[in-house]
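The values are calculated or read from the model by the stated rules, or taken from the named source; none is laboratory data. Model, not experiment: these values are computed from the prediction. Please note: Cβ atoms are built from the backbone with ideal geometry, for glycine as well, and neighbour counts cover all protein chains shown. The area values use the complete protein model at the heavy-atom level, side chains included, leaving out ligands, DNA and RNA. Shrake-Rupley method; radii C 1.70, N 1.55, O 1.52, S 1.80 Å.
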Amino acid sequence: VCSADGYCYQAIVRGDSLVQRETRPDDPAYVREHVVSHVVGSGHATRSYLMEAGGGGEGAYLTEMPLTWYVERAVWDLSPGYDQVNERFDRPINLDCMTCHNARPGHEPSTNFYTDVPLGISCERCHGPASAHVESFLAGGDPDDTRIVNPATLSPDLQLDVCQQCHLTGETVYTPGDDATTYRPGRPLAAHRSIFVTQSSLDDPEAFGIASHAERMMKSACFDQTQGTASPMTCTTCHDPHTPVAELDADHFATTCRSCHDGESGEGHLETCSRPGTAGLADAMTGDCVSCHMRR
């Protein structure tokens with residue numbers, strides 16, 4: 001894979017390591033290689049790769065590497081944005097990047113230097129810090145007093161805020177004293193940060209950010225029609241955050257759609273499928289709802 005500025009990249013498996021190599025066709029003697037230290041992404045859409053630079057035992061600077069694996073196309077290609085500006089091996093992983101893709105890291109302020117890199121999203125991202133719960137339990141407190149946030153008990157707006165701490169794209173400006181790590185589930189996200197988007201994206205009803213999953217949902221008829229009902233739609237209406245998609249049955253999401261779109265009348269029931277070329281409602285509702293109604 002070659003960038004517009006003349007550098008070419010190749011992914012190589014060497015022993016138990018993945019290496020990314022940089023070369024230049026106009027200079028056969030030039031070779032630069034770095035070993036992957038971390039992989040980012042569930043593997044359903046992409047896998048991007050990080051490398052460690054410098055450090056000295058107490059941590060390391062983390063940067064994003066030039067190549068990303070694109071799962072659906074089954075190809076290596078330039079990492080997002082690298083086709084516009086090739087930052088080679090030097091794109092810094094800032095705190096916003098790290099915090100949305102991971103549990104809270106150990107981090108030196110205003111740098112891409114990390115003293116601790118967790119290996120995945122933690123429970124605390126959605127349920128809040130567990131320290132008060134642990135301290136209460138160890139002190140002989142009531143074990144039923146969990147002091148942990150259960151998003152299911154929050155108002156619909158606050159439930160959405162838990163998801164939107166990461167699943168919302170825009171330019172983020174934090175309230176003074178806050179940063180990407182200081183949001184706590186159960187609190188209004190608007191009190192923690194402001195998120196700015198372009199006017200054109202607001203004017204275009206089809207526009208949404210690459211990671212604005214909640215925004216996509218809120219532009220749907222399903223979301224609009226359930227607001228103000230006893231069961232307003234939230235992200236967890238369709239998505240169980242505790243179960244990876246790969247572990248779900250093939251018809252999981254179609255079954256979830258049919259739980260609301262069942263042809264019944266009354267609050268909480270929605271219109272059913274009008275898929276053409278089918279023999280009546282029962283036949284129409286056997287289709288894979290997601291294949292038609294969820295944009296890729």
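Of the residues Tyr61, Tyr183, Tyr30, the one that moves most in a GNM of the chain with alpha-carbon contacts below 10 Å is Tyr30. Once the C-beta distance of Ala132 and Thr236 is scaled by a Förster radius of 25 Å, the resulting FRET efficiency is 0.55 to the nearest 0.05. Taking the Cα centre of the chain as reference, the dipole from Cβ charges on Lys and Arg (+1) and Asp and Glu (-1) amounts to some 340 debye.
Order the following by accessible area, largest value first: Val197, Val13. Probe radius 1.4 Å; ligands, DNA and RNA are ignored. Walk me through the numbers before you get to the answer.
Details: Val197 70, Val13 115 Å².
Sorted descending by solvent-accessible area, the residues read Val13, Val197.
Of the residues Tyr183, Pro92, Pro109, the one whose Cα sits farthest towards the positive end of the charge dipole of the chain is Pro92 (charges of +1 on Lys and Arg Cβ, -1 on Asp and Glu Cβ, taken about the Cα centre).
Within the set [x] -0.37, -0.48, -1.01, -1.43; [y] -0.28, -0.37, -0.83, -1.39; [z] -0.25, -0.33, -0.76, -1.38, the number that log10 I(q)/I(0) by the Debye sum over Cα atoms at q = 0.07, 0.08, 0.12, 0.16 Å⁻¹ takes when calculated for this structure is listed as [x]. The residues Trp76, Trp69, sorted by heavy-atom accessible surface at 1.4 Å with ligands and nucleic acids left out, run Trp76, Trp69 from largest to smallest. Counting only protein heavy atoms and using a 1.4 Å probe, the accessible area of Asp157 comes to about 110 Å². Taking θ as phi - 60° and the Karplus parameters 6.51, -1.76 and 1.60, the scalar couplings of region 206-213 work out to 8, 8, 7, x, 4, 10, 8, 5 Hz in sequence order, x denoting glycine and proline.
For region 29-129, which GluC sites (Glu not before Pro) are both in a DSSP coil and crowded by at most 12 other Cβ atoms within 10 Å? Before the final figure, lay out the partial values.
On the way: sites: Glu33, Glu52, Glu58, Glu64, Glu72, Glu87, Glu124; in loops: Glu58, Glu72, Glu87.
Sparse-neighbourhood loop GluC sites (Glu not before Pro): Glu58, Glu72.
The dipole here belongs to region 1-72: it is taken about the Cα centre, uses +1 on the Cβ of Lys and Arg and -1 on the Cβ of Asp and Glu, and is about 140 debye. Protein heavy-atom accessible surface, 1.4 Å probe, per residue over the chain: 61 Å².
Please arrange Leu138, Leu158 by accessible surface area, largest first, computed with a 1.4 Å probe and ligands excluded. It would help to have the intermediate numbers written out before the result.
Details: Leu138 135, Leu158 40 Å².
I get Leu138, Leu158, largest accessible area first.
What dipole magnitude, in Debye to the nearest 20, does region 27-180 give about its Cα centre under +1 on Lys/Arg Cβ and -1 on Asp/Glu Cβ? Walk me through the numbers before you get to the answer.
Details: 8 positive and 23 negative charges, 80 e Å.
Around 380 debye, computed over region 27-180.
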